Every structure is written in C-alpha cells, then in structure tokens.
Amino acid sequence: MGSLISTRDASACSVSYLDAIVQGLAPDGGLLVPEEYPTITRQELAFLQGQDYQRIAAEVKQKFVGNEIRRADMGCFVNDAYAQENFGEGPTVPVRVLEDNLYIMNLSRGPTAAFKDIALQLLGRELNYTLQRRDEHVVMLGATSGDTGSAAEAAVKGCDSITLFMLSPQQGMSPFQKAQMGALSGENIYNVAIDGTFDDCQDLVKELKRDPEFANLGAVNSINWGRISSQVPYFVAGYLQVAETIGEQVDFVIPTGNFGNILSGYIAKKMGVPIGNLIAATNENDVVARLFNTGCYKSGTAIRTSSPSMDITKASNFERLLFDLVNRDVEKVRTFMDAFAREGQVRLDHVGINHNVFQENRLYARSTTHENRLNAIRYAHSHGRIIDPHTAAGVAVAMNYSAFSDVPTIVLETALPVKFEGTINEALSFIPEREERFQDLERHVPEGAFYRMSPNAGHLKQYIRDNAQRR
Ligand SMILES: *Cc1c(COP(=O)(O)O)cnc(C)c1O
C-alpha cells in the first residue's frame, strides 16, 4: 500500500506516498492516485466507533501510507496536529444536530478557522519528517486570494526543512485575512504582497516554475495527495458519530470549490464506509454543478462571491474522479483534459460517458446564490447556530433536498463565521461575539509582515534567492 500512479501515465510507473507529497503533481501533469484504494471493514468501523479523532485519523491515514511512516510516528503526527493547542478543547470534529436528521460537522476549529487546517496540519508534519530524513530542504511558493495562505503557513511554520513564500494581492484581502497571515510572517515564512490581483500572483508562480532554476519549487496546493488522503478520516469520524448501527447509510453535503473535500468523501465510500449520497454545494461559480447536471465541464471567469474560498474557475481534483469514471483509462483522461485545456470546455460524451454516471455513483451537485446563503444563515440561526457563508451553501442545498428527513445528512462546516462577519451581519443584522483568540486580531498585524513588490518575476526570483539562501 502507499504506491500511487498518475491519472495520465500509460506506463503506470508508481510513486511512493512520501514522494507524492513532496512532488505534488505527477511529472506528466496528471494527478497522483493510489494504485488501489485501501479498504475499511465493518469490524474496523465498529472498533473505531466512540474513539477519539486522533485514533480514527491514525488508523485511516495509515492505510494510505503503509509502512512508509511507522505507526508510532503517525501516532505522534496525528496527536500533535489535532492537539488542544491547535483545535481547542473537546472533540476535534464534532457533529451536532441542526434539526431532525440534519447535522453539521464542524471541521474548522483549527488554527486558521478553516477546514483546510485538518489536512494541512498533518501534511506539514509528514513533509517535515520526510525532508529531515532525506536531509533535504525545499522552497515552496504559493499564491492565495485569502484563506489557503494562512492555513498553509500555519502548517509549515517552524519546519526547518521548508521555506515558504506566499504571494497575495495587496488589495482585495480582508483585514482579518491579512492579520492572520501577517501574524505568521517570520522564521521560515515570507509573505509577499503583490501590487496586483490574485491572477497576477498565480501568473508569477507559473512564470517562476517555467525557469529551470525554480522548476522544483514545492507547493501544498489542493491537488497534493497528502491533503486528499488526510481528509478521508473525518468522513469516517462523521459517519461514526451519526450512524446508530454500522451499515446504516449517511449522506453528506459538501461546500465545494476545487473538488478536494468531496473527493475525499468519495474515497471514504470506495473504501467501504456506508455513505449514501454525496452532494456538492457550490456558489455562483458553478463549474461542478453544471458538469454534474449537463455533462459539460466548462471553466468560466471567477465571480467574486460572499463565499470566496469557493470562487474557482475549474475543479482540479475532478480529474481523480474522472479517472475512475472512465475505468482508469489514462488515454481517456488525457483526451478529456487536453480538450479542456485547449477549448476551455469539454463534454463527457467526448470520452464516451454520460452525465448519468454521477447519479449512478450517487454523486449530486447544486449551486446556490448569495440570497440562498443568507437564508440558510438565518435558518441555522433560528435553530441556534451561526454558520459561515461557505457552510451556508451546504445548508441551503440540504434545505432543498428532501432526503434528509429519512436519511441522516451531514453538512460539512468548512469555516468559522468570524472570518466573514460582513455577510453574517447582512443576514442577521448583528455580529456575533468573537472567540478570545480572534479578538482584536486585526490590530496586531506586525510592522513589516508583508514585503511589497510589483508583479515582476525577476524581482521575485531575486527576493527568493536572497532569503531562501540565508537559511
Ligand atoms: C477550500 C474551501 C472550500 C472548498 O473546498 P474544495 O476542497 O476546494 O472543494 C470550501 N469552503 C472553505 C471555507 C474553503 O476554505
């Protein structure tokens, strides 16, 4: 177990788990997927029911890693990643009932208040372990429009083997996001504010990667297999919290952008967790909803919405699902992805499948509007809970989805409302009191936390050379 293959490589040349998390993308541009999905039996599920999250995460994650990380080490990473200092007191990923058979699972109690912390906190530890043992050091470069940046920074903060440069647009991030990232500057973390847009930041990353000197810059973006596999355990944990008997079906509604979160749910199901329907909830950037409902995968231009972490123009991790949908035929994946890259759109018919394939696999997707999300925030509030605008997309879809009256349905909470107070205020006409750790956050951005720069690749290269060298 642990070997991975590329969704585009006909020679099926395999890569180890640890190499996969270091390299991210496969060299041929494909995504890495396990040669075979591991399995989890009903007995194992019964054994894990009632155990704490650390235990569940260690058991499930070990299945993806095999003997590449010793059990004792995995136990340490998991205990550290999900320790109280990181995720607060009490259960790490609590599920609470909202109404009848509708539940919300809180995945955003981590250091940056986003579900991405769950995977990134574990991945950061696995990466540091791997690099230390290999006596390697990597320089990572990322671009963020807001939320991912701080979660990635919090994950590798203080790791001796990693230096991270994070580009963000000078204008456009919220004061809260700036403060979260700014507080992480220093040691091995460099925040660079680009005088431009998020697209300028992404273009700079691409341009540097084309230069042989910078070609092997690392990244911990959402296609990293370490992230996908580290999200599978919470589907197991969610299932176990809600199912009264092992075997009973539970549905999940998943706020969706790049298709990483829902893909982990699909993998949990493949492994044998008795999950029924997996329902993606998007915002106005409805690439996934259109794909599922019409069979056309078409990238658009990103619209800025009140759920900005789902403002995407393509769903990168869909390629991993596609690989299975075409029965792991790499030629078909290649044909499909090449057509998409060339034309900006492609139909599933192009590789001989029909969009009914989603329904056959019990995968569904619905889009939501700002108004839908405001209503969902009000609805949740009327049941005693304040949710953020991403989770609200999930709740809005669940509200219109009648099956939850019969089948327990879990909506994944992907961020805390404190990060989006403006929208909460718009929905509820008040701003909830902040947890102590976030009080006055914006007032504490350290002087010089961001190095400001014009979108100039030459200048950026020099900045990286100067600072990555010094370590
Ligand atoms: C990243 C993110 C999402 C989307 O997750 P994907 O794995 O990209 O589908 C949803 N909500 C929040 C708050 C996020 O940060």
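The values are calculated or read from the model by the stated rules, or taken from the named source; none is laboratory data. Just so we're clear, the structure is a prediction, and the values are computed from it rather than from any experiment. In this analysis, Cβ positions are derived from the backbone assuming ideal geometry, glycine residues included, and neighbour counts consider all displayed protein chains.
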Exercise. Any idea which of A449, A468 is in contact (Cβ under 8 Å) with a residue 24 or more places away in the chain and touching a His at 6+ places or on another chain (Cβ under 9 Å)?
Worked result: A468
Exercise. Regarding T391, is this residue within 16 Å of the ligand (Cβ to nearest atom), more than 30 Å from D160 (Cα to Cα), in contact with a strand residue (DSSP E or B) (Cβ under 7 Å, 6 or more places away or on another chain) and of a type in the set (V, I, T)?
Worked result: yes
Problem set entry | Qualifying residue in the stretch 238-245 (condition: within 24 Å of D100 (Cβ to Cβ) and crowded, with 23+ Cβ neighbours inside 10 Å) | yes
For this session: Search the stretch 243-254 for residues being away from the ligand (no atom under 16 Å from the Cβ) and touching a Gly at 6+ places or on another chain (Cβ under 8 Å), and hand back the single one that is nearest to L412 (Cα to Cα).
Result: D251
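Residues are listed down the side, and each one gets a yes or a no for (1) among the aliphatic types (A, V, I, L, M); (2) in contact with a strand residue (DSSP E or B) (Cβ under 9 Å, 6 or more places away or on another chain):
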{"residue": "A46", "(1), (2)": "yes, yes"}
{"residue": "I56", "(1), (2)": "yes, no"}
{"residue": "V65", "(1), (2)": "yes, no"}
{"residue": "E68", "(1), (2)": "no, no"}
{"residue": "G75", "(1), (2)": "no, no"}
{"residue": "V78", "(1), (2)": "yes, no"}
{"residue": "Y82", "(1), (2)": "no, no"}
{"residue": "E85", "(1), (2)": "no, no"}
{"residue": "G90", "(1), (2)": "no, no"}
For this session: Scan the stretch 117-133 and give yes if some residue there is assigned to a helix (DSSP H, G or I), surrounded by 21 or more Cβ atoms within 10 Å (Cβ to Cβ) and free of Cβ contacts under 8 Å to residues at least 40 places away in the same chain, otherwise no.
Result: yes
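Is it true that some residue in the stretch 291-301 is at pLDDT 95 or above and in a loop (DSSP other than H, G, I, E, B)?
yes
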Exercise. What is the residue count in the stretch 284-323 for residues that are away from the ligand (no atom under 15 Å from the Cβ), touching a helix residue (DSSP H, G or I) at 6+ places or on another chain (Cβ under 8 Å) and without any contact (Cβ under 8 Å) to a residue 40 or more places away in the chain?
Worked result: 1
Exercise. Is one or more of the residues making up the stretch 278-288 touching an Asp or Glu at 6+ places or on another chain (Cβ under 8 Å), crowded, with 18+ Cβ neighbours inside 10 Å and farther than 25 Å from Q231 by Cβ?
Worked result: no
For this session: Select from the stretch 176-219 the residues that are at pLDDT 90 or above, under 17 Å from S150 (Cα atoms) and assigned to a loop (DSSP other than H, G, I, E, B) and list them in ascending order.
Result: A183, L184, S185, E187, N188
Problem set entry | Extreme residue, nearest to R8 (Cα to Cα), among residues of the stretch 315-333 that are over 24 Å from the mean Cα position of the chain (by Cα) and not β-branched (V, I, T) | E331
Exercise. Quick one: which strands (runs of 3 or more DSSP E) sit completely within the stretch 4-105 and have at least 1 residues that are of a type in the set (S, T, Y)?
Worked result: 4-6
Exercise. Any idea which of (1) more than 15 Å from S367 (Cα to Cα); (2) modelled with pLDDT of 95 or more; (3) within 12 Å of the ligand (Cβ to nearest atom) is the one D338 doesn't satisfy?
Worked result: (3)
Exercise. Filtering the stretch 141-166 down to residues that are assigned to a strand (DSSP E or B) and free of Cβ contacts under 8 Å to residues at least 40 places away in the same chain, which residue is farthest from the ligand (Cβ to nearest atom)?
Worked result: L164
Exercise. Just one of G257, G238, G182 is in contact (Cβ under 8 Å) with a residue 60 or more places away in the chain and within 16 Å of the ligand (Cβ to nearest atom); which is it?
Worked result: G238
For this session: For the stretch 324-352, name all the residues that are buried (at least 17 other Cβ atoms within 10 Å of the Cβ), aliphatic (A, V, I, L, M) and free of Cβ contacts under 8 Å to residues at least 40 places away in the same chain.
Result: L325, V326, V351
For this session: State yes or no: is I262 farther than 30 Å from Q171 by Cα, more than 12 Å from the ligand (Cβ to nearest atom) and modelled with pLDDT of 95 or more?
Result: no
Exercise. Within the stretch 102-112, is even one residue closer than 17 Å to L412 by Cβ and more than 16 Å from the ligand (Cβ to nearest atom)?
Worked result: yes
Problem set entry | Those residues of the stretch 267-285 which are more than 14 Å from I40 (Cβ to Cβ) and touching a Phe, Trp or Tyr at 6+ places or on another chain (Cβ under 9 Å), in sequence order | G276, N277, L278, I279, A280
Problem set entry | Filtered residue count, the stretch 344-369, keeping only those that are at pLDDT 95 or above and either charged (D, E, K, R) or touching a strand residue (DSSP E or B) at 6+ places or on another chain (Cβ under 9 Å) (or both) | 16
For this session: Might you check whether a residue that is in a loop (DSSP other than H, G, I, E, B), modelled with pLDDT of 95 or more and of a type outside the set (A, V, I, L, M, F, W, C) occurs anywhere in the stretch 415-431?
Result: yes
